[in-house]
Amino acid sequence: MRRELITIFLILLSVHSIQAQSDLDYYLPDRTELNPDIPAPADVLGYPVGEKHVSHDDLVKYLTLLADVSDRIELETYGYTHEGRPLLLLTVSSPGNLKDIENIRKRHVQFSDPDDPGQPDPSEEPVVIWMGYSVHGNEASGSNASLLVAWYLAANISSEMNDVLEKTVVLIDPCINPDGFSRFAQWVNQFRSKVTITDPNSLELNEPWPGGRTNHYWMDLNRDWLLLQQPESKARLAKYFQWLPNILTDHHEMDSNGTFFFQPGIPSRNNPSTPESNIRLTEKIAAYHAKALDRIGSLYYARESFDDFYYGKGSTYPDINGSIGILFEQASSRGYSRSTNFGNLTFPFTIRNQFATSLSTLRAGFELREELLKHQQDFYTEAIKESREDQVKGYIFDPQGDQMKMHHFEKVLDQHQIKLYRFSGNKEIAGHMYNGESSLLIPTNQRQYKLIRNLFENTLEYKDSLFYDVSAWTLPPAFDLHYDILNERELKSLKLTAYTPPEKIPAGRLTGESSYGYLLRWNQYNSPMALYRLQEKGIRILVAERPFTTAEGETYQAGTLFIPVKTQGMQENTLRHNLAEVADQTGMDIYPVSSGYTLDGINLGSPNITPLTKPVMLLLVGEGISSYEAGEVWHLFDARFRIPVSLVSVNKFNTLDLNDYNKIIMVNGNYRMISDQKKDELKKWLEKGGHIIAYKGGAKWLATQKMAFIEFRQTAQDTLEQKRYADLERNTGAQAIGGSIFRTRIDLSHPLCYGYPDDELCIFKNEKYFFERSKNPYNIPVLFDNEPLVSGYVSAKNYENIKNSSAVTISAIGLGRTICFSDNPLFRNYWFGTNRLFLNAVFLGELIRGDSAR
C-alpha cells in the first residue's frame, strides 16, 4: 500500500518535473542521464534547492521518500540528538550490492584486522566513502547539498554511474548536527526578505547568540570525535566503526570573505602519526577537487590554512584509523545572499561547490579504489608491527577509589574499539600498588596501537608552533588518573581477562541501617550528584572538614558527608528509603555509622562538622559570553547530574532579584552589558553571603569591579626592533596558547580540593590568564609547578608566566566569596579531573574561611 501511495504521489508531482530539472541545471554536470521516476528535491519540498534553507524536518521527509522509491538507497536512523531529532545515514550503492550489503560490510572491515587469515582481495572489493555534512549547524550549504548528492546518485542512470556504484559504497550523513541546523534554518528563513538583501548588517545574516553552530548544549560536535561526550558523536562513531570507510569528507563553511578550501592543509602541521601514504593520497584526491572546481569556474585553495594535527575533528580522526579525512571549507553566504570582497555570494553558489566536491570525492574514491583499500590494509598491518617493536607494551590505570570517573574513561576507550582488560590479584608497578579488580590494563599490541599511543603519550616537541586547535589531548591527565607504562616483562607477569565496561554505572546501595547516622564519601565523581539529591529530599547534610576513623574502623577523608538520623524531622524508615533511592540512582554507596565517637580524628559532633546549604544556581549567558563554556556548565549539571541551573541572559540579570539565588556562575566573557545599578546590587549580594564562581574573562571582570582581588601577570613586550612583515601572523600565533596541559600542586586540606587522592593535578590551559600568587599563603589551593608543562606547546614568554602562578584565587567580600579560576575546569566536558575543583567551589565553597581569602 505504501508503494502504491508513493506512485500516486509521484504522478501528481510530474507536472513540476520540467521546472525542477531547469532549477537543477545550475548544479548538474553536463549531459546527465536521469531517471524521471526519481523525484527531485523540489518535487517534494515545493521549492528548488538553494531557494531557502531546508529545515531538518523537510530534509528527513525528502530523504525518506527518496529511499522508498530508489533501489540504490537504504536509509537508517543511527541515533537521536538531545532534542530527539533523528540522525540519518543513507547507504548508496548498486542494487546488487545493497542486496548483499551486510556481507560486503563484513568483508570490508576485515581489511583492518591483520590477524584475519581470510582478508579479501582489494581488487575485488568496493571502496567505502562516508560523506558528512554540516557538523556545524550554521554552515548550512553542506546539508542542503546532501539533498542533491543523494538525489543525483539515485537518479543518474548513466553507464558511468552504474560502474561507479558497482565498486563503491557511499554512506551519506546528511546532517550531523540537526539541533543546531534547525536553529539556524529557522532564523534565516524567518528573516528572509522577498527582496534579496545582501547587506552584511541585515538581521537575516546575523544570527543571535548562541547561534546554530553547536548542538543543544552548545557543544562543538566537530571537537568531540575523540572525546565522545555527546550522543550525536557516540552514535556516529559506532556507525563509523561498523563500516571503517576509506574516505570521510567533512563539509564546512568559513568566513564569507573567502573562497573554497580543500585539503591538504598546511604541510608542517600534519600529525607525525599520520602515515606518508595518507598524505600522498590526500594530494591525489585534491587533484580531483581542483578539476571539478575549475570546470565550474570556482576559486579555491589548499595547503595555506587549517591543519591535520588534532585527531579529534571529523577530517582528522579518520587519519589515525586507516582512512583519509578530507576537510572542505566553503565561504559562507550566511543567508540567501551576502556582499563580500569577491562580490555577492549566493546560497546556491555555496551549495554548488559542496555538491561538486562531493562528486569529485566519489570520482576519486572510485578511481583510487585499490590504492585506498591497500592503504587501509597496510595501516593496520604496520600498526601491529610497530606495536611489537615498541618498548611500551601496555598502560595500567588506577581509579584511586573513584570507580565512577574510571567508568567514564573506560567508556570513551571502548567506543574507540580499544581492547580493555582486568587482571588477577594485585601488582606493584613503579612503587604503586594496582588492584586487578578495579584497575584497567591496555596492551599496545592491538590494531588501535597508533590511537592508543596518541591518546596516552605526552608530547613536548613540535615541528610547528601554530595550531588550528589544541596541541595536547592526553587522556590520563584529563581524567586525573594515576597510570604507569608497562614493559614486556611486567605485562607478561599479569594474567589478563578481557573487559567490557557496563553501559551504565552500577547502582549504589545503602549498606546497612543505623539509628545514629550515615556517611557518604566525597571521593567519587557522582558525590555532588548524590549530595544534591539528598538535599532535594529535604535531608540535612553535614560535611567533615577533617579526616576521622569510625567506631567500625573505617577511615574517611575530609569532605565526607554526614547524615545524622535524629535531627532530620522525618521517620527513620522514610530516611532509609530516601537514602537507598539516592544510592540506587547515583551509584553511590552510603554507609551506616553507629556512634559519633571516633577511634581517630574528629568526632561527628565536632566544630569541624559543618552544615551545607543546597545551591540555587544562576548561570549568566548571552551576548559577549562564551557559549561553549556556558554550555559546558549547563551540560554538566543538566545532562550529566540532573541538577537544575537557571540560564539567565545579561539583560534579564539586570532586572531580577538576586536574593532568589545563592550561587552565580560566570564563564569566559566580557559582561559589559551588566548595568551599573546591578553591579552595586551584586556587590551587596556578595557581602550578604552570596558566592560567585568565575573563570577566565569572568574572573577578570570581577577583578575590574573590585569583587575579586586578583593580580594578573603581564607578558613582557617585544623590543621595537624591525621585523619582517611576512612573519607577523606566525610570530603572533606562536604566542597563543592553543591548548596545553600543565601540572599543579593542590592543598588537600582546602575545601576546594576535598576528594582528590593526591596533591598532583593537571590543568588544561588555552588562554593567557595568569594569576599572581596570593600574598596570603593560606589562599593558594592550586599552584602551578616550577616546571609545569606536561604536554603541548607553549612559548617561552607564556611559560615563564605560568610557572609558580596561582590557578585559583578566592576573595572574601563581606560574608560572600568569589572563587576565580585562571582556566576552564570543564573544558569540552571531558576534563573530569578538574571538574571536581569546580563542583567543590559550588557545593563546598561556603566552607572557605574569610581570613583565608583576604
Pairs, first over 15 Å from H251 (Cβ atoms) and assigned to a loop (DSSP other than H, G, I, E, B) in the stretch 360-374, second open to solvent by 70 Å² or more (accessible area, probe 1.4 Å) and not acidic (D, E), C-beta under 9 Å, six or more apart: L368/K284
Please find, within the stretch 208-223, the residue that is nearest to S182 (Cα to Cα) out of those that are open to solvent by less than 10 Å² (accessible area, probe 1.4 Å) and within 8 Å of the chain's Cα centre (by Cα). L221
The stretch 659-708: number of residues that are part of a helix (DSSP H, G or I) and open to solvent by 10 Å² or more (accessible area, probe 1.4 Å): 15
Tally of residues being closer than 28 Å to F366 by Cβ, β-branched (V, I, T) and touching a residue at least 12 places away in the same chain (Cβ under 8 Å) across the stretch 55-76: 2
Per the filter on the stretch 384-408, residues more than 15 Å from L486 (Cβ to Cβ) and either outside any helix (DSSP H, G or I) or of a type in the set (A, V, I, L, M) (or both) are I384, P399, Q400, G401, D402, M404, M406
In the stretch 326-359, residue farthest from the chain's Cα centre (by Cα) [restricted to those that are under 14 Å from H252 (Cα atoms), in a loop (DSSP other than H, G, I, E, B) and of a type in the set (S, T, Y)]: S333
D307, sole failed condition from (1) among the charged types (D, E, K, R); (2) in contact with a His (Cβ under 8 Å, 6 or more places away or on another chain); (3) open to solvent by less than 10 Å² (accessible area, probe 1.4 Å): (2)
Tally of residues being touching a residue at least 40 places away in the same chain (Cβ under 8 Å), of a type in the set (D, E, K, R) and in a strand (DSSP E or B) across the stretch 414-443: 2
Looking only at the stretch 253-267, decide whether some residue is surrounded by fewer than 21 Cβ atoms within 10 Å (Cβ to Cβ), in contact (Cβ under 8 Å) with a residue 60 or more places away in the chain, assigned to a helix (DSSP H, G or I) and over 27 Å from the mean Cα position of the chain (by Cα). no
Hey, does the stretch 143-164 have a residue that's of a type in the set (A, V, I, L, M, F, W, C) and closer than 23 Å to K234 by Cβ? no
Exactly one condition in (1) part of a loop (DSSP other than H, G, I, E, B); (2) surrounded by 24 or more Cβ atoms within 10 Å (Cβ to Cβ) is false for D116; which is it? (2)
Name the residues in the stretch 764-784 that are assigned to a strand (DSSP E or B) and open to solvent by less than 30 Å² (accessible area, probe 1.4 Å), would you? F764, K765, F771, V782, F784
Criterion first (modelled with pLDDT of 95 or more, of a type in the set (D, E) and over 30 Å from D179 (Cβ atoms)) does D250 satisfy it? no
Within the stretch 159-207, the residues that are surrounded by fewer than 22 Cβ atoms within 10 Å (Cβ to Cβ), assigned to a loop (DSSP other than H, G, I, E, B) and touching a residue at least 24 places away in the same chain (Cβ under 8 Å) are K167, F191, R192, T196, I197, T198, D199, P200, S202, N206, E207
Working carefully through the options K463, K411, find the one that is open to solvent by less than 50 Å² (accessible area, probe 1.4 Å) and either modelled with pLDDT of 95 or more or in a loop (DSSP other than H, G, I, E, B) (or both). K411
Take the conditions closer than 27 Å to R453 by Cβ, of a type in the set (G, A, S) and surrounded by fewer than 24 Cβ atoms within 10 Å (Cβ to Cβ) and apply them to S273. Does it pass? yes
When you check L237 against the structure, is it part of a loop (DSSP other than H, G, I, E, B) and either of a type in the set (A, V, I, L, M) or touching a Pro at 6+ places or on another chain (Cβ under 6 Å) (or both), yes or no? no
Subset of the stretch 120-135 (residues that are surrounded by 17 or more Cβ atoms within 10 Å (Cβ to Cβ) and of a type outside the set (G, A, S)): P122, E125, P126, V127, V128, I129, W130, M131, Y133, V135
Identify all residues within the stretch 397-415 that are out of contact with any Ser or Thr (no Cβ under 8 Å at 6 or more places or on another chain) and farther than 19 Å from K504 by Cβ; write none if there are none. Q400, G401
If you check E428, E386, which single one turns out to be under 20 Å from P476 (Cα atoms), surrounded by fewer than 17 Cβ atoms within 10 Å (Cβ to Cβ) and not hydroxyl-bearing (S, T, Y)? E428
Quick check, is L647 open to solvent by less than 50 Å² (accessible area, probe 1.4 Å), part of a strand (DSSP E or B) and within 25 Å of Y769 (Cβ to Cβ)? no
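The rows are residues; the columns are (1) open to solvent by 10 Å² or more (accessible area, probe 1.4 Å); (2) under 23 Å from Q714 (Cα atoms); (3) more than 25 Å from the chain's Cα centre (by Cα).
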{"position": "G792", "(1), (2), (3)": "no, yes, no"}
{"position": "N804", "(1), (2), (3)": "yes, yes, yes"}
{"position": "S811", "(1), (2), (3)": "no, yes, yes"}
{"position": "G816", "(1), (2), (3)": "no, no, yes"}
{"position": "I819", "(1), (2), (3)": "no, yes, yes"}
{"position": "S822", "(1), (2), (3)": "no, yes, no"}
Qualifying residue in the stretch 594-615 (condition: among the β-branched types (V, I, T), in contact with a Leu (Cβ under 9 Å, 6 or more places away or on another chain), more than 22 Å from N662 (Cβ to Cβ) and crowded, with 17+ Cβ neighbours inside 10 Å): yes
Kindly provide the set of residues from the stretch 74-84 that are open to solvent by 60 Å² or more (accessible area, probe 1.4 Å) and part of a loop (DSSP other than H, G, I, E, B), ordered by number. H82, E83
Expected output for the stretch 209-221 (first residue over 18 Å from S141 (Cβ atoms), partner among the hydroxyl-bearing types (S, T, Y) and assigned to a loop (DSSP other than H, G, I, E, B), Cβ below 7 Å, 6+ apart or cross-chain) is N215/T81; H216/T81; D220/T214
Identify, from the list L561, L486, L575, the residue that is closer than 28 Å to K614 by Cα, of a type outside the set (F, W, Y) and under 36 Å from the mean Cα position of the chain (by Cα). L561
Selection status of Y830, among the aromatic types (F, W, Y), open to solvent by 10 Å² or more (accessible area, probe 1.4 Å), out of contact with any Cys (no Cβ under 9 Å at 6 or more places or on another chain) and touching a residue at least 60 places away in the same chain (Cβ under 8 Å): no
Residues that are open to solvent by 40 Å² or more (accessible area, probe 1.4 Å) and under 23 Å from Y434 (Cβ atoms): find the strands (runs of 3 or more DSSP E) completely inside the stretch 480-522 holding 1 or more of those. 482-486, 496-499
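The values are calculated or read from the model by the stated rules, or taken from the named source; none is laboratory data. This structure is a prediction, so every number in the text was calculated from the model and none was measured. Positions of Cβ are backbone-derived with ideal geometry, glycine not excepted, and every protein chain shown enters the neighbour counts. Side chains included, ligands, DNA and RNA excluded: accessible areas come from the protein's heavy atoms. Shrake-Rupley method; radii C 1.70, N 1.55, O 1.52, S 1.80 Å.
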